[in-house]
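See structure below.
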Amino acid sequence: MKNTFGNVLTLTVFGESHGEAIGVVIDGISPGIPVSEGSIKQALLKRAPFGKISTARCEKDDFRILSGVYNGHTTGTPLCIVIPNKDVRSEHYEKNKDLLRPGHADYTSLCKYGGFADPRGGGHSSGRITAAICAAGAVIEDALRAKGIKIGTHISRLAGIDDVKFCDTERDIETLNSKRFAVLDDGRAAEMTERIEKAAEKGDSVGGILETAVSGIPAGIGEPFFDSLESMISHAVFSIGGIKGIEFGAGFAVADMLGSQCNDPFRIENGTVYTVTNNNGGINGGISNGMPIVFRCAVKPTPSVSIEQDTVEIAKRENSVISVIGRHDPCIVHRARAVVDAITAFCVADMLCLRYGNNYLAKDIT
């Protein structure tokens, strides 16, 4: 099992959904970076469940910073954040413990770990672990913001309903980061919420598409071939459970374009080079070109549904049926947005440290 991501700046996650706690360790971080507990709380709130459209499991996420911070700044040693698990009801998993849940990692984990993994609530594969990623991301997002780099994600599509696209990227990012249900057109929020609630009433779930923008990133970031900016962001985003696809810029639509349509024409103004369009999503040849990085990721419907489904009772090696019980999200799209922001921030910061050195986040680069 590999639980560490990054090259210069590394992120390690630990814990299980129904264990004592979950947590994260950031290593390779520069000394002197301000750490705001308020920012961490806000990031965790963006991910937190609310209303009928989320799980009834309500964790307070009262985190503790165990190391790596002194007098409100990073020390340069590993920064460790722990989040206790309090609202745990493991008895929900006892009844179906031998039934493989469709869409989950029950069978694949059994094959890999030989039955030794903690199965309660999905164990280490649970979306619960993403709370730790959000806590770490808050520290990194603040450091990037101080460099003029901003990150925001909106619900581009949910249960067949589309939001509007990014227009004024920096302004839109600021708007999104002030919302719990991240859409650019507030009128779409009620429609999307209604679709989630209707699916929940039937014991079902819905998925969607998240669109993320990164503004202010300088040109020249990326390490082709194998650590290109696109491949590293994709690697990071695919670490989030439920993500099944990703595309940058115009994405798969480029397959239907002519080269003259797909290319982004260059211009220069006041010494700054920019492109008139952004079909390539701010990346050429795996390297940032100075335009906003824009990508979309597909989030599958939550696999835990109460509708009866065919499965296997693995202990008896017999065909069976299952109706998943417990407290589950009828949709994770609106909560996953915070996780995408966090892991994108970490990935971008690591790539910047590769380009400029590991102290990039704590000093001015000329």
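One line per residue, one yes/no per condition, for (1) touching a residue at least 60 places away in the same chain (Cβ under 8 Å); (2) of a type in the set (Asp, Glu); (3) surrounded by 10 or more Cβ atoms within 10 Å (Cβ to Cβ); (4) at positive phi:
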{"site": "Ala250", "(1), (2), (3), (4)": "no, no, yes, no"}
{"site": "Ile268", "(1), (2), (3), (4)": "no, no, no, no"}
{"site": "Pro301", "(1), (2), (3), (4)": "yes, no, yes, no"}
{"site": "Glu308", "(1), (2), (3), (4)": "no, yes, yes, no"}
Exercise. Can you spot a residue in segment 315-326 that is under 30 Å from Ala56 (Cα atoms), under 13 Å from the mean Cα position of the chain (by Cα) and surrounded by fewer than 20 Cβ atoms within 10 Å (Cβ to Cβ)?
Worked result: no
Exercise. Would a scan of segment 288-299 turn up a residue that is crowded, with 22+ Cβ neighbours inside 10 Å, within 18 Å of the chain's Cα centre (by Cα), touching a residue at least 24 places away in the same chain (Cβ under 8 Å) and assigned to a loop (DSSP other than H, G, I, E, B)?
Worked result: no
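Can we say Ile221 is touching a Leu at 6+ places or on another chain (Cβ under 8 Å), among the β-branched types (Val, Ile, Thr) and either modelled with pLDDT under 95 or under 28 Å from Val8 (Cβ atoms) (or both)?
Taking the combined requirement at face value, the residue satisfies it.
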Exercise. Is it true that some residue in segment 173-180 is farther than 28 Å from Ile307 by Cα, touching a His at 6+ places or on another chain (Cβ under 7 Å) and either among the hydrophobic types (A, V, I, L, M, F, W, C) or touching a residue at least 12 places away in the same chain (Cβ under 8 Å) (or both)?
Worked result: yes
Exercise. Does segment 119-141 contain at least one residue that is of a type outside the set (D, E, K, R), modelled with pLDDT under 90, crowded, with 24+ Cβ neighbours inside 10 Å and at positive phi?
Worked result: yes
Problem set entry | Tabulated pairs, segment 196-208, first crowded, with 21+ Cβ neighbours inside 10 Å, second among the β-branched types (Val, Ile, Thr) and modelled with pLDDT under 95, C-beta under 7 angstrom, 6+ apart or interchain | Ile196/Ile53; Ser205/Thr302; Ser205/Val305
Exercise. Out of all the residues in segment 224-240, is one or more under 13 Å from the mean Cα position of the chain (by Cα), at pLDDT below 95, surrounded by 17 or more Cβ atoms within 10 Å (Cβ to Cβ) and in a loop (DSSP other than H, G, I, E, B)?
Worked result: no
For this session: Select from segment 151-184 the residues that are in contact with a Leu (Cβ under 6 Å, 6 or more places away or on another chain), part of a loop (DSSP other than H, G, I, E, B) and crowded, with 17+ Cβ neighbours inside 10 Å and list them in ascending order.
Result: Asp163, Ala182
Problem set entry | Which numbered condition Gly121 fails, given (1) in a helix (DSSP H, G or I); (2) without any contact (Cβ under 8 Å) to a residue 40 or more places away in the chain | (2)
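From the list Gly259, Gly245, Gly207, pick out the single residue that is at pLDDT 95 or above and more than 28 Å from Lys300 (Cβ to Cβ).
Gly259
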Exercise. Does segment 10-28 contain at least one residue that is of a type in the set (A, V, I, L, M, F, W, C), over 21 Å from Ser126 (Cα atoms) and not in a helix (DSSP H, G or I)?
Worked result: no
Exercise. Any residue at all in segment 189-201 that is in contact with a strand residue (DSSP E or B) (Cβ under 9 Å, 6 or more places away or on another chain), aliphatic (A, V, I, L, M), assigned to a helix (DSSP H, G or I) and closer than 27 Å to Leu9 by Cα?
Worked result: no
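Conditions (1) over 20 Å from the mean Cα position of the chain (by Cα); (2) touching a residue at least 12 places away in the same chain (Cβ under 8 Å), marked per residue:
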| residue | (1), (2) |
| --- | --- |
| Lys2 | no, no |
| Leu11 | no, yes |
| Gly19 | yes, yes |
| Ile22 | no, yes |
| Ile26 | no, yes |
| Gly32 | yes, yes |
| Ile40 | no, yes |
| Ala43 | no, yes |
Seminar exercise, completed: Being within 30 Å of Val312 (Cβ to Cβ) and among the small types (Gly, Ala, Ser) narrows Gly68, Gly127 down to just Gly127
Exercise. For segment 36-62, what are the residues that are surrounded by fewer than 20 Cβ atoms within 10 Å (Cβ to Cβ) and on the phi > 0 side of the Ramachandran plot?
Worked result: Gly51
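The values are calculated or read from the model by the stated rules, or taken from the named source; none is laboratory data. Being a predicted model, the structure only gives us computed values, none of them experimental. Note: ideal-geometry Cβ built from the backbone for every residue, glycine included; neighbour counts use all protein chains shown.
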